[in-house]
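The values are calculated or read from the model by the stated rules, or taken from the named source; none is laboratory data. This is a predicted model, so every value here is computed, not measured. Here Cβ is always computed from backbone atoms with ideal geometry, including for glycine, and neighbour counts include all displayed protein chains. The protein model used for the area step is the full one, side chains on, heavy atoms only, and it has no ligands, DNA or RNA in it. Shrake-Rupley method; radii C 1.70, N 1.55, O 1.52, S 1.80 Å.
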Amino acid sequence: MKAIVRGVEKEIPDVPFRDWCSRHDCAVVSIDMHLGHLSEDPMCPCPAPRGREIIAPVDAFHRRARALGVPIVHVRSTLRKTGEDDLKGRHPAAWRTLVQLYADPIPGIAEHAIEGSRWTEFATEVLDTDLIVQTKRRLSPFYPTDLDFLLRSMGVKRVVFNGGMTDCCVLNATFDASNLGYRVCVAADLVRGSDEELETAALSIVSYHTGLVMKADEILAVWEAEG
C-alpha cells in the first residue's frame, strides 16, 4: 500500500493505515465539481480551470466506487438569490475580496453559486442513487451544511475526498473531517487547486496533519482486495 507524504510516494504499513482507507463504512465526498468553477464560459463566476482535467477521471473513479458499494456524496456551493448568505450579508466570503490581490477581475463573480443558476449544475456524472449536499456557503463542505449529519446517519467512519480546490475547500474539508473524528484520505490525482505549487503544499499539509494522500488506483486496489 502506498501513500504520498510531502510529495513523495512511499510504502506504508497495513497496520494501522489500511483501516484509514478501507471501503467499509466509507464514503466518497466530491467537492464543488460544478459549472461555477469548471465552465469554459468567460463569465464563469469562480473559474478553476485546472479542475476541468479531472472531470472524466472523477467520473471513472465514482463508477468503480459505486460498483464496490461505496456511496458517493456530491457537495456543491449554493447561495440564496437574495444575497444574505454572502454579498448582502454582514460577513461576505473573504475570498471575494482577496482574489483582487492575485487574479485579474472576474466579470461574473457576483453570480457565483446562486441557487437556480446554471453555475450550480454539476459537471460530473450524478446518479439518482448518489447523495447531494448543497448548502455549502463557505470553504468547508461541512460548514454550514448537513454533511456531518448525513455521514453519521449513514454510519460512515472514513471519507475519501476528490474535487476542488485542493488548497482551499479540499484542505478545509480534511481539517474539519479529521477534527470531527473521521479517517481522511485524499485522492491526489483527483483534486486540483489554484496552481501546482499550492496543490503540492496543500497535499503536503494533509499528509502531515489530517490524513492519507493516495492515488486513486491505490485506493481502489485496497477496496478491491477486501473482497
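Distant-in-sequence amide contacts of Ile114, defined by a placed amide H-H separation under 5 Å and a gap of 5 or more residues or a different chain, comprise Leu79. The phi torsions of the range 68-80, fed into the Karplus equation with coefficients 6.51, -1.76 and 1.60 and a -60° offset, translate into couplings of 9, x, 8, x, 10, 10, 9, 10, 9, 6, 9, 10, 4 Hz, rounded to whole numbers, with Gly and Pro shown as x. Once the 1.4 Å probe is applied to the protein heavy atoms, the chain comes out at 49 Å² accessible per residue.
Per-residue Karplus couplings for the range 94-102, computed as 6.51 cos²θ - 1.76 cosθ + 1.60 with θ equal to phi - 60°, are listed in order as 4, 4, 4, 7, 5, 4, 4, 7, 9 Hz, Gly and Pro entered as x. Modelled this way, with points 7 Å down the Cα-to-C-beta line, the labels at His91 and Ala221 are 4.4 nm from one another.
Name the shape class, rounded, prolate or oblate, that the alpha-carbon gyration tensor gives for the range 182-227, where a ≥ b ≥ c are the square roots of its eigenvalues, rounded holds for a/c under 1.5, and otherwise prolate holds if a/b is larger than b/c and oblate otherwise.
Oblate shape, in that a/c is at least 1.5 and b/c is the bigger or equal ratio.
Listed options for Rg and Dmax of the Cα atoms in Å are (1) 16.9, 51; (2) 19.4, 62; (3) 15.8, 47. The value calculated from this structure is the one marked (1).
Classify the range 21-83 as rounded, prolate or oblate from the Cα gyration tensor: take a ≥ b ≥ c as the square roots of its eigenvalues, call it rounded if a/c is under 1.5, otherwise prolate when a/b beats b/c and oblate if not. Oblate, since a/c reaches 1.5 and b/c is not below a/b. For the range 120-222, the square roots of the Cα gyration tensor eigenvalues, ordered a ≥ b ≥ c, give a/c below 1.5, which places it in the rounded category. Comparing His34, His91, His24 in a Gaussian network model of the chain, where Cα atoms under 10 Å apart are tied by springs, the biggest mean-square fluctuation is seen for His91. Just need the relative contact order of the range 71-227 here, percent rounded to a whole number, with Cα pairs under 8 Å and 6+ apart. Once divided by the residue count of the range 71-227, the mean separation gives 19 percent.
On the protein heavy atoms, probe 1.4 angstrom, tell me the percent of accessible surface of the chain carried by carbon and sulfur. About 53 percent, which is the carbon plus sulfur part of the accessible surface. Separation of the alpha carbons by more than 19 angstrom is noted, of Lys2/Lys157; Lys10/Lys215; Lys2/Lys215; Lys88/Lys136, for Lys2/Lys157. A probe of 1.4 angstrom, applied to the heavy atoms of all protein chains, finds Cys168 with accessible area near 30 square angstrom.
Its Cα centre serving as origin, the chain has a Cβ charge dipole (Lys and Arg +1, Asp and Glu -1) of approximately 540 debye. Val222 exposes around 10 Å² of accessible area when a 1.4 Å probe is run over every protein chain in place.
List every residue whose amide H lies under 5 Å from the amide H of Val213, counting only residues 5 or more places away in sequence or on a different chain, with H placed 1.01 Å from N in the peptide plane. Under 5 Å from the amide H of Val213: Ile4, Val186.
Just the number, please: percent antiparallel of the DSSP beta bridges in the chain, rounded to the nearest 5. Antiparallel: roughly 15 percent of the beta bridges in the chain.
Close amide-amide hydrogen proximity is noted between Asp189 and Ala216, each under 5 Å apart and 5 or more residues distant or on a separate chain (H modeled in the peptide plane; Pro and chain starts excluded). Centre-to-centre, using Cα atoms only, the range 204-227 and the range 89-123 are separated by 31 Å.
The 3J(HN,Hα) values that the Karplus relation (6.51, -1.76, 1.60; θ = phi - 60°) gives for the range 182-191 are, in residue order, 7, 7, 10, 9, 10, 7, 4, 8, 10, 10 Hz. Gly and Pro appear as x.
Note on surface exposure: Lys88, Lys136, Lys215 rank Lys88, Lys215, Lys136 by accessible area, highest first, 1.4 Å probe.
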